Amino acid sequence: MTFTRRQLCVAAGALAVGSAGCLGGDDASAPERTDAIPEADTPIETWSWDGSLPVSSLTQYHDPTCGCCEDYVAYLAMHDIDVTVERTDDLAAKKTELGVPSEMRSCHTLVFDEYLVEGHVPLEAIEQLFEEEPAVAGIAIPGMPAESPGMGEPGDPLQVYSFDEDGTVSEFATV
């Protein structure tokens, strides 16, 4: 039986969301800006969105070897969002520094102006975050759900959580 990089990354994330697979890694490189849509291993074109955001660029922190993180960058780029990628060799420390609660962690963290977006969150939820402007630090889809942007095709609804600066987690939206 042959496994794809995607299947291995999903399995590793399911086994140890905080410490294995796409969630850790080796040396970081300098920030990289996306000028073109990266090639994705997952069908990102199935993730349509016709909304808008008050920001057109962001920074994504992730492990240097995580393919699904690159696929999420491709998803954002497909929707004309400029992404600065910062690969880090100590992603857990970066998430702690940014204030992402451990139970909300995924394989990448995005800094969207004043908000954090953790994981494979669909743009509809990010748009809702900016429309409602809740007093939260950010939103998250913990882990690496198979039916999320950068992981696979849309399927069952995804539960999005919000978290505040003291680590309190609440349900935010279902998309």
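So is Glu165 surrounded by fewer than 19 Cβ atoms within 10 Å (Cβ to Cβ) and on the phi > 0 side of the Ramachandran plot or not?
In short, no.
I'm checking my understanding of the structure. Among residues of region 74-99 that are within 20 Å of Pro54 (Cβ to Cβ) and touching a strand residue (DSSP E or B) at 6+ places or on another chain (Cβ under 9 Å), which one is surrounded by the fewest Cβ atoms within 10 Å (Cβ to Cβ)?
Asp82
Please go through region 104-120 and give me each residue that is charged (D, E, K, R) and either in contact with a Cys (Cβ under 8 Å, 6 or more places away or on another chain) or closer than 15 Å to Asp164 by Cα (or both), ordered by number.
Those that are charged (D, E, K, R) and either in contact with a Cys (Cβ under 8 Å, 6 or more places away or on another chain) or closer than 15 Å to Asp164 by Cα (or both): Arg105, Glu114, Glu118.
Condition (residue is modelled with pLDDT of 95 or more and hydroxyl-bearing (Ser, Thr, Tyr)) applied to region 148-162: is it met by at least one residue?
Yes, region 148-162 contains at least one residue that is modelled with pLDDT of 95 or more and hydroxyl-bearing (Ser, Thr, Tyr).
Looking at region 123-148, which of its residues are small (Gly, Ala, Ser) and more than 10 Å from the chain's Cα centre (by Cα)?
Taking region 123-148 as the starting set, the residues that turn out to be small (Gly, Ala, Ser) are 125, 135, 137-138, 140, 143, 146, 148.
If the condition is that a residue be small (Gly, Ala, Ser) and more than 10 Å from the chain's Cα centre (by Cα), then Ala125, Ala135, Ala137, Gly138, Ala146 are the ones that fit.
The values are calculated or read from the model by the stated rules, or taken from the named source; none is laboratory data. On a predicted model such as this, the values are computed, not experimentally measured, just so you know. Cβ coordinates were reconstructed from backbone atoms using ideal geometry, including for glycine residues, and neighbour counts include every protein chain displayed.
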